[in-house]
Every structure is written in structure tokens, then in C-alpha cells.
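J.: Right, I'll just put the structure down here and ask away after.
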Amino acid sequence: MEGYRELTQISVVGLGKLGAPLVAVLASKGFEVVGVDRVPLRVSALRAGRAPVMEPGLQDLLTRSLGRIDATTEIKSAIATSEVTFVVVPTPSGSDGTFSTACVISVVREIGSALRSKVGYHLVVIASTVMPGSTGGPICQVLETSSGRHVGSDVGLCYNPGFIALGSVINDMLRPEFVLVGESDARAGNLLVSVYERICDNSPHIQRMNFVNAEIAKMSVNAFVTGKISFSNMVSDICDRLPGADANTVLKAVGCDARIGDKYLSPALGYGGPCFPRDNAAFASMARRVGTQADFVEATDAINKRQPARVISLVRKLLPRGTVGVLGLSYKPATTVIEESQGLAIASQLAAAGYRVIAYDPQASDTDKSVLRGKVEIMAQAAACAEMADLLIIATPWPAFKHIPLEVFRRSNGPMFVIDCWRMLPANFADVVDLIYLGKYRHTGPKLRQRSA
Ligand SMILES: NC(=O)c1ccc[n+]([C@@H]2O[C@H](COP(=O)([O-])OP(=O)(O)OC[C@H]3O[C@@H](n4cnc5c(N)ncnc54)[C@H](O)[C@@H]3O)[C@@H](O)[C@H]2O)c1
């Protein structure tokens, strides 16, 4: 195996949500890293030691690794001073759900041209998510024609997508459960594995294979994880309707079966964010392209899209009119990202249904102001949102919501409704509010509607 001791210089093209943390992680483990981005602001931020994107732990890691990080807008100079290049640029979804590789191809073409004036072996690692067939097809072709080199001999190519979640990117990179490597040849794979041996604090499973298997494996992992989420929410929806049922109890039992496992198996809202929904759309599109159907993935997404409507129909039963508070608008805690967020969908659909909607998010509130375009009032504090609401929905499980003072929930006309989608409020809240859980049966018939009207 190529010894990692010899490898010291790495470049990373794309300083976004994935690329910037990758720079910091590599530098923190002793590599000399040069980051490349076409946006000068991101480059100047990195050069000045500032995090180009918001991600917990990123600034800290950058500050600790300052002397080993440089940044540029020029791919050519980065290639000249590195031996391995990670490509982490966007692969946006097209109207048919497939990922566009236009950006990756254009970066790989530039890398290839730069390699013409460089002596020695170079490894190109595609970390962006691409469609099956892309790495061994157009990406490999462009690398060979632009560099004049043969992939597998004097230039190596790997597909190495990350399994990270925004908000825990650094930890996910330092302690991955497994590392997926699609490789052009053993030399390329060995070199990439040597990088992981140096950056990982744990000893992850390393799965090495050809390009197309790695491309399908990446999409299949996300398809299965989202399948577990939608399965839980399907059981939860049934439990809502059966007297005595509680999805938490049911799914806890189901998760004890080692063939299933308990992770991602609890009743809550659906998934969102920049990866899961679009990865499933791409998976379904890939299946159609090869003449079959990804029914499992399509059902998973259909169930997911129904979850905001499920909450809204519950609100309609509990509170025919009034002020609804929504806590949490980012698609998950510890991120500002609101893409495909279920909290955001609930807030805007409730406003469209005629409710006065007030909302709060610890980090995503500024972005939401523009997205919600005055339909929803953004509050400055969680406590103010809880205090003014007739009914409160906890849509994103930000830990800070557990610490809202209980006093602001007290009402003189009987307990207020709180739909705690993630079952996160401390038990003593049940003494003051009417706590409602998704997937736990409760009678919401005419008597209740009369009381809350
Ligand atoms: N964000 C995630 O949670 C996540 C998780 C797994 C996989 N991915 C995949 O990783 C890839 C990157 O995602 P991201 O979230 O980091 O994207 P991002 O949009 O946050 O960042 C991409 C960066 O690439 C830069 N860029 C674009 N074209 C460039 C070019 N020609 N030269 C230099 N820089 C260029 C952009 O300016 C931007 O800074 C995508 O394929 C995505 O699907 C992302």
C-alpha cells in the first residue's frame, strides 16, 4: 500500500457545506491543504482563518489548523502543490430528479488540463453525489482527454461520497461508520484509504469496489434510511387511529429485532434537507432509466410528503381558528438549512389555511423571513412564541426548546395544546399543558372541538 507518510498535500475543490469541513478535518490531522472555490469570498474567508460556512465545530478546527491551510480560486495552482484532489462541488437535481454532473465535469476538465504541466502521479476523488455510471463514464473520459493521461496508471480516480448530516459534519467525518470507495485501480484505492486511516478517530469499515457499485451503494443507503423513517411514520399514523395505541411502544419492540435495529425508528415528523428527498428522487429516476420501478423509494417519499398534512389536520381538530406557534424551521437541529423542512411546510400551509402563524428558530429565522414572505410572523425568542400561541407545534427538536420556562405555557382558560412532534419536552410539562404526541391515540371528537373553539 502507498504509505500515507509520503502523502502530505491535498487540495479540495468546493468550499461549501461539505468541502469546508473536509479542509479543516484534513488539516487538523496534519495534511497541508489548499481549498479552491470560484467564490472569492469563500476563499478569502478561509485564507483569513474564518469558516466559509456555518457548521458546529468548524471554526474551532480551522483555528487550530491555521498554518496548514491555504486557499485560492485557481485550480491550476492547487493541483501543482498537491497529490490528491477532492472534488466537492454541487450536483443539482434536474427536472427528472437526476443529478447534473456539469459542475463536476467542468472542474475535472480543469484538473486534467492542470495535470498536463505536472509531473508525477495524481489522485482525483469525486466526493459529490453522482448518478450511477457517471464516474466511470463521462467523468473518467473528461479526465483522460483533458490530462492526456490514462486513468489507472498515471492518474487515479475514486468515487468517495460522504455520509454526513449537516450539524454533525465534523464528527461524521472523524468517526464514520463506514467509508465507501469506488476505485479505478488498487493504487488509487490504497492511497485514498491511507488518507482515511489518518483522519478517522475510529476504525470504520472500508468498503472498496468499482465505480458503479459505489454509486448505487451511496443512493441505496439513503433510500433505506429514509424507508425506516417513513415506515415509522406509517405505523405512527395507524396508531393515531386505534384506541390505546402508541407508536413509541410498538416501534421500540420492532427495533429490538436485530434484523431491523432501532435507529431511525421512532414516530416523529418526516425527513427533509438537501440530501434525502433529492437522493430518493434520483434513485426513482435511475430505476425508470433502466426500465424498472423503485416502488419502495416512491412509497417512502409519498409517506414523507403526507406528514405536514397529518399535523395540520390534527391542528384543525384541536383549534378551528386562532394563533399557532411553530418552534423550529430548519430541517434538523444545529443547522440554518431550511430546504425541504417539514416545520417550514407546516408553518406556511397553516398560514394558507387562515391561521395566524408565529414561528421561531434558533438559527434559521433570518432566512425564513424571506421564504415565508410575511405570511408568518417570526419571533425573537422561543418563549415569546410559546406565550402568544393558542396551540404550539414543536417541529424541529432543537435541545433549547426543553428549557423554555414552564410559566409561559400557563393559561387561565385551561391547558393549551402542545403538539410535541419529537416527544422532547420534560415530563413535568404534562402538568401544565395538554401534550399531544404523533402516533399516540387520543380522542379528538366533537366534545374536544367544542372545548377549544
Ligand atoms: N450538504 C450535505 O449534507 C451533503 C451530504 C452528502 C453529500 N453531499 C454532496 O456533496 C456535494 C457538495 O454539496 P455541498 O452541500 O457541500 O454544496 P455547497 O453548495 O454547499 O458547496 C459547493 C461549493 O462548490 C463551489 N463551486 C461550484 N462550482 C465550482 C467550480 N467550478 N470551481 C470551484 N468551486 C466551485 C461553490 O461555490 C460552493 O462553495 C453535492 O454533490 C452534494 O450532493 C452533500
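J.: Just to be sure, is Asn202 within 16 Å of the ligand (Cβ to nearest atom) and touching a residue at least 12 places away in the same chain (Cβ under 8 Å)?
T.: Answer is no for this residue.
J.: Here's a follow-up. Name the pairs: first residue in the stretch 315-338 and under 12 Å from Gly273 (Cβ atoms) and free of Cβ contacts under 8 Å to residues at least 60 places away in the same chain, second residue of a type outside the set (Asp, Glu) and outside any strand (DSSP E or B), Cβ to Cβ under 6 Å, at least 6 apart or on different chains?
T.: Ile338/Leu329; Ile338/Ser330; Ile338/Leu344; Ile338/Ala364; Ile338/Thr367
J.: Let me ask you something else. Picking from Gly133, Gly156, Gly162, which residue would you name as being closer than 27 Å to Lys17 by Cβ, modelled with pLDDT under 95 and either part of a loop (DSSP other than H, G, I, E, B) or away from the ligand (no atom under 16 Å from the Cβ) (or both)?
T.: Gly162
J.: A further question follows. Here is a list: Thr98, Thr73. Which entry is more than 10 Å from the ligand (Cβ to nearest atom) and either farther than 23 Å from Lys29 by Cα or of a type in the set (Gly, Ala, Ser) (or both)?
T.: None of the other options fit; the residue is Thr98.
J.: Condition test on Pro274, is it touching a residue at least 24 places away in the same chain (Cβ under 8 Å) and in contact with an Asp or Glu (Cβ under 7 Å, 6 or more places away or on another chain)?
T.: Yes; evaluated as a whole, the condition is true for this residue.
J.: Select from the stretch 137-154 the residues that are crowded, with 19+ Cβ neighbours inside 10 Å and within 28 Å of Ala287 (Cα to Cα) and list them in ascending order.
T.: Those that are crowded, with 19+ Cβ neighbours inside 10 Å and within 28 Å of Ala287 (Cα to Cα): Ile139, Cys140, Val142, Leu143.
J.: Additional query: Does Ala294 meet the test of being without any contact (Cβ under 8 Å) to a residue 40 or more places away in the chain, within 23 Å of Thr98 (Cα to Cα) and small (Gly, Ala, Ser)?
T.: Against the criterion (without any contact (Cβ under 8 Å) to a residue 40 or more places away in the chain, within 23 Å of Thr98 (Cα to Cα) and small (Gly, Ala, Ser)), Ala294 does not qualify.
J.: Going through the stretch 241-254 one residue at a time, which ones are farther than 24 Å from Val297 by Cα and not small (Gly, Ala, Ser)?
T.: If the condition is that a residue be farther than 24 Å from Val297 by Cα and not small (Gly, Ala, Ser), then Arg241, Leu242, Pro243, Asp246, Thr249 are the ones that fit.
J.: Being within 15 Å of Tyr159 (Cα to Cα) and away from the ligand (no atom under 16 Å from the Cβ) narrows it down to one of Glu215, Glu183, so name that one.
T.: After ruling out the rest, the residue left standing is Glu183.
J.: Got a sec? Which of Pro40, Pro56 is away from the ligand (no atom under 12 Å from the Cβ), at negative phi and not charged (D, E, K, R)?
T.: Of the residues listed, the single one that is away from the ligand (no atom under 12 Å from the Cβ), at negative phi and not charged (D, E, K, R) is Pro56.
J.: Also, quick follow-up: Checking Asp172 against (1) assigned to a helix (DSSP H, G or I); (2) in contact (Cβ under 8 Å) with a residue 24 or more places away in the chain, which test does it fail?
T.: Here Asp172 meets the rest and fails (2).
J.: Looking at Phe224, Phe231, Phe211, which is the one that is out of contact with any Lys or Arg (no Cβ under 7 Å at 6 or more places or on another chain), more than 30 Å from Glu83 (Cβ to Cβ) and touching a residue at least 12 places away in the same chain (Cβ under 8 Å)?
T.: Only one candidate passes the filter, namely Phe231.
J.: Which of the following residues is crowded, with 23+ Cβ neighbours inside 10 Å, of a type outside the set (A, V, I, L, M) and more than 22 Å from the chain's Cα centre (by Cα): Ser11, Ser77, Ser65?
T.: None of the other options fit; the residue is Ser11.
J.: For Ser341, all conditions in the list (1) over 13 Å from the mean Cα position of the chain (by Cα); (2) within 13 Å of Gly272 (Cα to Cα); (3) crowded, with 23+ Cβ neighbours inside 10 Å hold save one; what is the number of the exception?
T.: The number of the failed condition is (1).
J.: Given (1) over 28 Å from Phe99 (Cα atoms); (2) of a type in the set (Ser, Thr, Tyr); (3) modelled with pLDDT under 95, identify the lone condition not met by Thr336.
T.: Against the list (1) over 28 Å from Phe99 (Cα atoms); (2) of a type in the set (Ser, Thr, Tyr); (3) modelled with pLDDT under 95, Thr336 comes up short only on (1).
J.: Mind listing whichever residues of the stretch 349-366 are surrounded by fewer than 19 Cβ atoms within 10 Å (Cβ to Cβ) and either in contact with a helix residue (DSSP H, G or I) (Cβ under 8 Å, 6 or more places away or on another chain) or part of a helix (DSSP H, G or I) (or both)?
T.: Listed by number, the residues that qualify are Gln349, Ala352, Ala353, Ser365, Asp366.
J.: Same structure, new question: Is at least one residue of the stretch 57-65 under 21 Å from Ser168 (Cα atoms) and basic (Lys, Arg)?
T.: yes
J.: Among the residues of the stretch 106-128, which ones are in contact (Cβ under 8 Å) with a residue 12 or more places away in the chain, within 29 Å of Pro277 (Cβ to Cβ) and surrounded by fewer than 19 Cβ atoms within 10 Å (Cβ to Cβ)?
T.: Hits for the stretch 106-128: nothing passes.
J.: From the list Thr249, Thr226, exactly one residue is more than 16 Å from the ligand (Cβ to nearest atom) and over 25 Å from Gly137 (Cβ atoms). Which is it?
T.: Only one candidate qualifies: Thr249.
J.: Next question, about the same structure. Working carefully through the options Arg47, Arg109, Arg64, Arg68, find the one that is within 11 Å of the ligand (Cβ to nearest atom) and basic (Lys, Arg).
T.: Only one candidate qualifies: Arg109.
The values are calculated or read from the model by the stated rules, or taken from the named source; none is laboratory data. Quick caveat, the model's predicted, so the values are computed rather than measured. In this analysis, Cβ positions are derived from the backbone assuming ideal geometry, glycine residues included, and neighbour counts consider all displayed protein chains.
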